[in-house]
Amino acid sequence: MQIVSIKIKNYRVFESLEIKNIPAFCVIIGANGTGKSTLFDIFGFLRDALKNNIRQALQVRGGFDEVVTRGKKEEDIEIELKFRMKIVDTERLVTYQLIIGKEQKRPVIKREILRYKRGEYGSPYHFLDFRKGQVYVITNEENFEQTDEELEREEQQLESQDILAIKGLGQFQRFKAKLFNVLNLTPNL
Ligand SMILES: Nc1ncnc2c1ncn2[C@@H]1O[C@H](COP(=O)(O)OP(=O)(O)O)[C@@H](O)[C@H]1O
Ligand SMILES: [Mg+2]
(Lines give C-alpha, C1' and ligand atoms only; values in the text may rest on other atoms or scores of the structure.)
(Ligands and ions follow the chains in the order given, each with its own letter.)
Protein backbone atom coordinates (compact mmCIF):
# COMPACT_ATOMS: atom_id res chain seq x y z
CA MET A 1 0.00 0.00 0.00
CA GLN A 2 1.49 3.29 -1.10
CA ILE A 3 0.22 6.84 -0.64
CA VAL A 4 0.18 8.62 -4.02
CA SER A 5 -1.42 11.95 -3.22
CA ILE A 6 -2.42 14.17 -0.30
CA LYS A 7 -4.90 17.03 -0.29
CA ILE A 8 -5.31 19.23 2.78
CA LYS A 9 -7.54 22.14 3.67
CA ASN A 10 -7.31 24.27 6.81
CA TYR A 11 -4.90 22.05 8.74
CA ARG A 12 -2.59 24.47 10.58
CA VAL A 13 -0.29 26.27 8.12
CA PHE A 14 -1.88 24.41 5.18
CA GLU A 15 -4.87 26.46 4.16
CA SER A 16 -4.84 24.59 0.88
CA LEU A 17 -2.26 22.01 -0.09
CA GLU A 18 -2.12 19.33 -2.74
CA ILE A 19 0.80 16.97 -3.33
CA LYS A 20 0.42 14.69 -6.33
CA ASN A 21 2.41 11.75 -7.69
CA ILE A 22 4.29 11.06 -4.46
CA PRO A 23 7.09 8.62 -5.27
CA ALA A 24 7.90 5.58 -3.11
CA PHE A 25 10.97 7.39 -1.82
CA CYS A 26 10.42 11.04 -1.09
CA VAL A 27 12.45 13.75 0.63
CA ILE A 28 10.74 16.86 2.02
CA ILE A 29 12.89 20.00 2.30
CA GLY A 30 11.99 23.56 3.24
CA ALA A 31 12.88 26.49 5.49
CA ASN A 32 11.88 26.54 9.15
CA GLY A 33 8.19 27.10 9.67
CA THR A 34 7.13 26.09 6.18
CA GLY A 35 5.21 23.03 7.37
CA LYS A 36 7.48 19.97 7.15
CA SER A 37 6.57 18.78 10.66
CA THR A 38 2.93 19.66 10.03
CA LEU A 39 2.85 17.47 6.93
CA PHE A 40 4.03 14.47 8.92
CA ASP A 41 1.72 15.38 11.78
CA ILE A 42 -1.21 14.80 9.44
CA PHE A 43 -0.31 11.10 9.52
CA GLY A 44 0.06 11.31 13.29
CA PHE A 45 -3.35 12.93 13.48
CA LEU A 46 -4.99 10.16 11.44
CA ARG A 47 -3.19 7.54 13.49
CA ASP A 48 -4.51 9.06 16.75
CA ALA A 49 -7.99 9.39 15.25
CA LEU A 50 -7.96 5.72 14.27
CA LYS A 51 -6.59 4.57 17.60
CA ASN A 52 -8.94 6.75 19.64
CA ASN A 53 -11.28 9.32 18.12
CA ILE A 54 -11.06 12.74 16.43
CA ARG A 55 -11.72 14.63 19.66
CA GLN A 56 -8.67 13.06 21.31
CA ALA A 57 -6.56 13.55 18.17
CA LEU A 58 -7.46 17.25 18.20
CA GLN A 59 -7.13 17.61 21.97
CA VAL A 60 -3.50 16.47 22.09
CA ARG A 61 -2.81 19.13 19.44
CA GLY A 62 -4.47 21.93 21.43
CA GLY A 63 -8.06 21.46 20.19
CA PHE A 64 -9.93 22.26 16.96
CA ASP A 65 -9.36 26.03 17.20
CA GLU A 66 -5.61 25.50 17.50
CA VAL A 67 -5.37 23.00 14.63
CA VAL A 68 -7.63 24.75 12.12
CA THR A 69 -5.81 27.38 10.05
CA ARG A 70 -5.73 30.74 11.81
CA GLY A 71 -8.59 32.93 10.71
CA LYS A 72 -10.56 29.90 9.45
CA LYS A 73 -12.28 28.85 12.68
CA GLU A 74 -15.67 28.72 11.03
CA GLU A 75 -14.45 26.41 8.28
CA ASP A 76 -13.86 22.66 8.14
CA ILE A 77 -10.60 20.73 8.17
CA GLU A 78 -10.31 18.43 5.16
CA ILE A 79 -7.87 15.59 4.64
CA GLU A 80 -7.81 13.44 1.51
CA LEU A 81 -5.41 10.61 0.84
CA LYS A 82 -5.15 8.56 -2.33
CA PHE A 83 -3.29 5.30 -2.14
CA ARG A 84 -2.78 2.07 -3.98
CA MET A 85 -4.12 -0.95 -2.21
CA LYS A 86 -4.71 -4.54 -3.19
CA ILE A 87 -8.38 -5.46 -3.06
CA VAL A 88 -9.18 -9.04 -4.08
CA ASP A 89 -5.86 -9.54 -5.90
CA THR A 90 -6.09 -6.30 -7.86
CA GLU A 91 -4.23 -3.07 -7.16
CA ARG A 92 -6.76 -0.25 -6.86
CA LEU A 93 -6.48 3.47 -6.43
CA VAL A 94 -8.43 4.16 -3.25
CA THR A 95 -9.47 7.59 -1.98
CA TYR A 96 -10.08 8.26 1.69
CA GLN A 97 -11.60 11.61 2.52
CA LEU A 98 -12.32 13.10 5.93
CA ILE A 99 -14.05 16.39 6.73
CA ILE A 100 -14.03 17.59 10.32
CA GLY A 101 -15.97 20.59 11.54
CA LYS A 102 -17.28 22.09 14.72
CA GLU A 103 -20.89 21.90 15.79
CA GLN A 104 -22.15 23.23 19.12
CA LYS A 105 -18.53 23.76 20.16
CA ARG A 106 -17.64 20.10 19.61
CA PRO A 107 -15.56 18.62 16.80
CA VAL A 108 -17.58 16.29 14.60
CA ILE A 109 -16.94 14.19 11.53
CA LYS A 110 -18.98 15.89 8.84
CA ARG A 111 -18.12 13.50 6.05
CA GLU A 112 -16.06 10.34 5.67
CA ILE A 113 -15.73 8.68 2.30
CA LEU A 114 -13.90 5.64 1.08
CA ARG A 115 -14.09 5.06 -2.66
CA TYR A 116 -12.32 3.49 -5.59
CA LYS A 117 -12.85 2.52 -9.18
CA ARG A 118 -14.30 -0.95 -9.44
CA GLY A 119 -13.52 -1.35 -13.11
CA GLU A 120 -11.06 0.10 -15.54
CA TYR A 121 -13.66 2.58 -16.68
CA GLY A 122 -16.36 4.51 -14.95
CA SER A 123 -16.39 6.94 -12.11
CA PRO A 124 -15.17 6.07 -8.61
CA TYR A 125 -17.59 4.04 -6.54
CA HIS A 126 -18.28 4.87 -2.91
CA PHE A 127 -18.12 1.92 -0.60
CA LEU A 128 -18.44 3.93 2.55
CA ASP A 129 -20.17 7.26 2.77
CA PHE A 130 -20.73 8.84 6.14
CA ARG A 131 -22.66 12.04 6.39
CA LYS A 132 -24.45 13.67 9.29
CA GLY A 133 -24.67 10.70 11.62
CA GLN A 134 -25.66 8.22 8.91
CA VAL A 135 -23.30 5.86 7.20
CA TYR A 136 -24.00 4.02 3.97
CA VAL A 137 -21.84 1.01 3.32
CA ILE A 138 -21.67 -1.57 0.58
CA THR A 139 -21.94 -4.97 2.22
CA ASN A 140 -21.04 -7.27 -0.71
CA GLU A 141 -18.21 -5.09 -1.98
CA GLU A 142 -15.67 -7.76 -2.75
CA ASN A 143 -17.82 -9.49 -5.30
CA PHE A 144 -16.43 -7.96 -8.46
CA GLU A 145 -18.69 -10.00 -10.72
CA GLN A 146 -21.61 -7.89 -9.63
CA THR A 147 -22.61 -4.70 -11.36
CA ASP A 148 -22.83 -1.54 -9.30
CA GLU A 149 -26.64 -1.78 -9.37
CA GLU A 150 -26.51 -5.17 -7.70
CA LEU A 151 -24.36 -4.08 -4.80
CA GLU A 152 -26.12 -4.18 -1.50
CA ARG A 153 -26.24 -0.86 0.18
CA GLU A 154 -26.89 -0.77 3.87
CA GLU A 155 -27.50 2.08 6.24
CA GLN A 156 -25.86 1.82 9.60
CA GLN A 157 -25.78 3.90 12.72
CA LEU A 158 -22.55 4.92 14.35
CA GLU A 159 -22.09 5.04 18.10
CA SER A 160 -20.53 8.44 18.15
CA GLN A 161 -20.04 11.42 15.86
CA ASP A 162 -16.35 11.58 16.62
CA ILE A 163 -15.41 7.98 15.90
CA LEU A 164 -14.30 7.23 12.35
CA ALA A 165 -16.61 4.89 10.47
CA ILE A 166 -13.64 2.81 9.35
CA LYS A 167 -12.83 2.27 13.01
CA GLY A 168 -16.35 1.73 14.25
CA LEU A 169 -17.61 -0.66 11.57
CA GLY A 170 -16.52 -4.27 11.64
CA GLN A 171 -16.23 -4.84 7.89
CA PHE A 172 -13.57 -2.16 7.59
CA GLN A 173 -11.18 -3.74 10.09
CA ARG A 174 -8.98 -5.11 7.32
CA PHE A 175 -8.81 -1.72 5.63
CA LYS A 176 -8.23 0.03 8.92
CA ALA A 177 -5.37 -2.33 9.76
CA LYS A 178 -3.71 -1.61 6.41
CA LEU A 179 -4.08 2.14 6.71
CA PHE A 180 -2.84 2.02 10.29
CA ASN A 181 0.17 0.07 9.12
CA VAL A 182 1.07 2.70 6.52
CA LEU A 183 0.59 5.53 9.01
CA ASN A 184 2.82 3.74 11.50
CA LEU A 185 5.59 3.46 8.94
CA THR A 186 5.48 7.21 8.45
CA PRO A 187 7.87 8.75 10.95
CA ASN A 188 7.02 11.71 13.14
CA LEU A 189 9.60 14.43 12.60
N1 LIG B 1 -3.45 26.80 13.23
C2 LIG B 1 -2.45 27.33 12.51
N3 LIG B 1 -2.72 28.17 11.49
C4 LIG B 1 -1.73 28.71 10.76
N5 LIG B 1 -0.43 28.45 10.95
C6 LIG B 1 -0.11 27.62 11.95
C7 LIG B 1 -1.08 27.01 12.78
N8 LIG B 1 -0.46 26.23 13.69
C9 LIG B 1 0.84 26.36 13.44
N10 LIG B 1 1.07 27.21 12.40
C11 LIG B 1 2.36 27.64 11.83
O12 LIG B 1 2.94 26.56 11.14
C13 LIG B 1 4.34 26.71 11.21
C14 LIG B 1 4.99 25.48 11.76
O15 LIG B 1 5.27 24.69 10.75
P16 LIG B 1 6.18 23.40 10.98
O17 LIG B 1 5.43 22.27 10.40
O18 LIG B 1 6.61 23.26 12.40
O19 LIG B 1 7.40 23.82 10.08
P20 LIG B 1 8.78 23.08 9.85
O21 LIG B 1 8.71 21.70 10.45
O22 LIG B 1 8.93 23.07 8.36
O23 LIG B 1 9.79 23.96 10.50
C24 LIG B 1 4.67 27.83 12.14
O25 LIG B 1 5.03 28.95 11.39
C26 LIG B 1 3.36 28.06 12.86
O27 LIG B 1 3.19 29.40 13.24
MG1 LIG C 1 9.90 20.91 11.91
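Centre-to-centre, using Cα atoms only, the stretch 147-164 and the stretch 95-124 are separated by 12 Å. Other residues lying with their Cβ under 11 Å from the Cβ of ASN53 contribute a combined charge of 0, Lys and Arg counting +1, Asp and Glu -1. The 1.4 Å probe gives accessible areas that order VAL4, VAL94, largest first, as VAL4, VAL94. In the chain, the calculated helix contribution to ellipticity at 222 nm averages -6500 deg cm²/dmol per residue, counting -39,500 (n - 2.57) for every DSSP H run with n ≥ 4. Residue separation of GLN97 and ARG131 scaled by 0.36 nm, minus their Cα-Cα distance, works out to 11.1 nm of gained length. In this structure, the amide hydrogen of THR69, modeled 1.01 Å from its nitrogen in the peptide plane, lies closer than 5 angstrom to those of TYR11, ARG12, counting only residues at least 5 positions away or on a different chain. Which longest run of the chain has no exposed loop site in it, a site being GluC sites (Glu not before Pro) in a DSSP loop with at most 13 other beta carbons within 10 Å, and the site itself not part of the run? That would be 1-73.
Annotation note: trypsin sites (Lys or Arg not before Pro) in the stretch 33-127 located in DSSP loop regions with a Cβ neighbour count of at most 14 within 10 Å are ARG70, LYS72, LYS73, LYS105, LYS117. Fully extending the segment from GLU149 to LYS73, taken as 0.36 nm per residue of separation minus the present Cα-Cα distance, adds 23.3 nm. Would you work out if the stretch 52-160 is rounded, prolate or oblate? Take a ≥ b ≥ c from the square roots of the eigenvalues of the alpha-carbon gyration tensor; rounded if a/c is under 1.5, else prolate when a/b is larger than b/c, oblate otherwise. Since a/c reaches 1.5 and a/b is larger than b/c, the shape of the stretch 52-160 is classed as prolate. Calculated FRET efficiency, ARG84 to ARG106, Cβ-Cβ distance, R0 = 41 Å: about 0.70 to the nearest 0.05. Rounded to the nearest whole Hz, the Karplus-based 3J(HN,Hα) values (6.51 cos²θ - 1.76 cosθ + 1.60, θ = phi - 60°) of the stretch 153-166 follow the sequence 9, 10, 9, 10, 10, 9, 4, 8, 6, 10, 9, 4, 4, 5, with x at glycine and proline.
Determine the sum of side-chain charges near LYS73: Lys and Arg each +1, Asp and Glu each -1, restricted to other residues whose C-beta is under 11 angstrom from that of LYS73. Neighbour charge sum, excluding LYS73 itself: -2. Angle check, please: helix 36-51 long axis (alpha carbons) against the longest principal axis of the chain (alpha carbons), in degrees 0 to 90, nearest 10. So the inclination is approximately 50 degrees. Here is the size of the chain from its Cα atoms: Rg then Dmax, 16.7, 53 Å. Sites listed here are chymotrypsin sites (Phe, Trp or Tyr not before Pro) in the stretch 21-90 whose DSSP assignment is loop and whose Cβ has at most 11 other Cβ atoms within 10 Å: PHE25.
The values are calculated or read from the model by the stated rules, or taken from the named source; none is laboratory data. Just so you know, these numbers come straight off a predicted model, no measurement behind them. Glycine also receives a Cβ, built like all others from the backbone with ideal geometry; neighbour counts cover every protein chain displayed. For the accessible areas, the whole protein counts, side chains as well, though only heavy atoms, and no ligand, DNA or RNA atoms are used. Shrake-Rupley method; radii C 1.70, N 1.55, O 1.52, S 1.80 Å.
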